[in-house]
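What follows is a short report on a single structure.
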Amino acid sequence: MAKDLFDKIHKSKGPLGKWAEVAEGYFVFPKLEGPISNRMKFQGKEVITWSINDYLGLANHPEVRKVDAEAGVKYGSAYPMGARMMSGHTELHDQLQDELAEFVNKEAAYLLNFGYQGIVSSIDALVSKDDVIVYDVDAHACIIDGVRLHLGKRFTYKHNDLESIEKNLQRATKMAKVSGGGILLISEGVFGMRGEQGRLKEIVALKKKYNFRLFVDDAHGFGTLGKTGAGAGEEQGVQDDIDIYFATFAKSMASTGAFIAAEEEIINYLKYNMRSQMFAKSLQMQLVVGALKRLDMLRTMPELKDKLWENVRALQGGLKERGFDIGTTQSCVTPVYLKGSVPEAMALVKDLRENHGIFCSIVVYPVIPKGLILLRMIPTTTHTLEDVDLTLKAFSAIRERLENGTYKRLSAAVAAAFGE
Ligand SMILES: Cc1ncc(COP(=O)(O)O)c(C=O)c1O
């Protein structure tokens with residue numbers, strides 16, 4: 001008899017799951033309560049929230065809430081039923097696509113129910129087994145999963161490293177010559193953990209030497225970067241050279257759903273070949289109507305982005321002034337790198353939450369190298385300069401405790417339990 005499939009699960013919960021016993025409900029799967037804003041409740045106490053991707057503060061904007069509520073009353077949560085191709089298509093889906101395409105300066109766009117599945121599926125649809133994929137080693141999990149479906153060759157390049165990009169384009173070119181296929185290069189517009197922008201300008205320049213198509217996942221750039229908010233491509237002056245542009249509604253748009261934009265012919269192809277959309281229910285109407293409203297606000301209320309950047313500059317500038325290592329971010333994503341073990345990181349975050357009322361996400365090994373703690377902060381339009389000030393003071397206090405070994409002592413019991 002074969003062994004029980006669940007045997008491995010009984011033995012190991014996986015690299016992050018092993019922390020569940022001490023972490024769940026507090027460090028992972030925390031419950032933030034109250035209206036989405038700069039201040040929310042965590043375990044009954046008010047905290048300044050730095051962990052929500054509501055960049056432009058639309059999640060709880062009264063105009064947005066009104067439109068969402070009215071659409072809910074008008075359409076319910078079922079409409080339309082069925083996949084777009086079968087029975088789930090509407091005039092408003094078309095309108096939203098046209099407006100999104102115009103906003104990101106592409107010929108056409110197509111809606112995706114979730115960004116994650118949409119990316120997996122669009123990569124799957126764009127490449128055949130003869131094609132070669134070249135992508136950044138730090139790419140988001142959905143890109144990696146999309147690449148996993150690919151039956152042909154793929155090469156990763158070192159994160160944002162031009163030499164490595166070119167070397168892998170050379171390898172891909174050789175390979176594609178043999179197989180008779182083409183090359184798809186995939187980068188993020190903004191890397192969500194470290195906040196660096198993808199080197200889109202330099203990658204586009206390589207198009208003169210190598211024949212490839214560029215796919216950009218601009219989840220964090222859309223709405224936050226570029227003069228009009230069209231994202232990292234606009235910011236770097238190369239929006240027209242991005243062949244396939246992707247953004248989710250889960251961040252600046254503060255909703256659910258996503259879209260992909262490109263030349264009309266490519267979108268028409270994707271529409272008939274993206275399995276995640278062909279065989280899944282259409283994006284529900286409340287989300288479509290809500291996205292139209294949010295997009296209108298992106299277009300007509302530049303003050304939302306201006307206030308966001310005022311907060312970004314205050315937070316990032318303040319951290320740098322105090323000597324914190326915020327890496328090489330070029331976006332609103334604000335990482336703070338500290339040195340310490342996972343148990344120390346837990347003690348530190350607990351101190352931040354309990355004694356300073358600051359809630360930010362914590363990222364540890366295996367997502368980042370062992371011995372590093374990454375506190376990831378997302379400034380939004382709803383934050384105030386007072387929030388920034390309180391946070392900077394708290395960070396100075398926790399750094400002192402980290403350096404004088406307070407967290408090491410506090411975490412000794414946790415560390416012993418996990419053999420750290
Ligand atoms: C870079 C990036 N790509 C794709 C996604 C997936 O988007 P969605 O949440 O719409 O599934 C995310 C997370 O939201 C992301 O950060």
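Throughout, read-outs are computed from the coordinates displayed, never taken from laboratory work. None of these values were measured; they are calculated from a predicted model. With ideal geometry, Cβ positions are generated from the backbone for all residues, glycine too; neighbour counts draw on all protein chains shown.
At-a-glance table
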{"quantity": "Qualifying lysines (Cα of each under 26 Å from Cα of Lys209; at least 8 residues distant if same chain)", "calculated": "Lys106, Lys129, Lys153, Lys158, Lys167, Lys174, Lys177, Lys201"}
{"quantity": "Relative exposure of Leu372, Leu16, Leu112, judged by other C-beta atoms within 10 Å (fewest first)", "calculated": "Leu16, Leu372, Leu112"}
{"quantity": "Within the range 330-348: backbone nitrogen closer than 12 Å to the Lys408 label point (7 Å, Cα to C-beta)", "calculated": "340-341, 344"}
{"quantity": "Sorted by Cβ neighbour density within 10 Å, fewest at the top, the residues Thr256, Thr381", "calculated": "Thr256, Thr381"}
{"quantity": "Under the Karplus curve 6.51 cos²θ - 1.76 cosθ + 1.60, θ = phi - 60°, whole-Hz ³J(HN,Hα) for the range 270-280, x wherever Gly or Pro sits", "calculated": "4, 4, 9, 9, 8, 4, 5, 9, 5, 10, 9"}
{"quantity": "Leu5-Lys320 pseudo-label distance in nm [points 7 Å out on the Cα-to-Cβ vector]", "calculated": "5.2"}
{"quantity": "5 angstrom amide H check on Ser361, placed H, neighbours 5+ away", "calculated": "Arg376"}
{"quantity": "Estimated vicinal HN-Hα couplings, Hz - the range 92-99 in sequence order (Karplus 6.51, -1.76, 1.60; Gly, Pro = x)", "calculated": "5, 4, 4, 4, 4, 4, 4, 5"}
{"quantity": "Top of Ala254, Ala205, Ala394 by mean-square fluctuation, Gaussian network on the chain, Cα under 10 Å", "calculated": "Ala205"}
{"quantity": "Percent RCO, i.e. relative contact order, over the chain, from Cα pairs under 8 Å lying at least 6 residues apart", "calculated": "20"}
{"quantity": "For the range 116-187 and the range 54-85, distance of Cα centres in Å", "calculated": "35"}
{"quantity": "Karplus (6.51, -1.76, 1.60) ³J(HN,Hα), θ = phi - 60°, over the range 117-124, in Hz, Gly and Pro reported as x", "calculated": "5, x, 5, 3, 6, 6, 4, 4"}
{"quantity": "Segment Met81-Gln43, extension gain: residue separation times 0.36 nm, minus the distance between their alpha carbons", "calculated": "9.8 nm"}
{"quantity": "Straight-distance crosslink candidates among lysines, where the alpha carbon sits under 18 Å from Lys8 and sequence neighbours closer than 8 are dropped", "calculated": "Lys18"}
{"quantity": "For Ile373, distant residues with modelled amide H under 5 Å away", "calculated": "Leu338, Lys339, Gly340"}
{"quantity": "Restricting the range 337-404 to trypsin sites (Lys or Arg not before Pro) in coil, as DSSP defines it, with at most 14 other Cβ within 10 Å", "calculated": "Lys370"}
{"quantity": "Neighbour-count order for Ser179, Ser331, fewest beta carbons within 10 angstrom listed first", "calculated": "Ser179, Ser331"}
{"quantity": "Hits among lysines - C-alpha to C-alpha of Lys74 under 16 Å, sequence gap 8 or more where chains match", "calculated": "Lys66, Lys293"}
{"quantity": "Highest-fluctuation residue, Trp50, Trp309, Trp19 considered, GNM on the chain with Cα pairs under 10 Å", "calculated": "Trp19"}
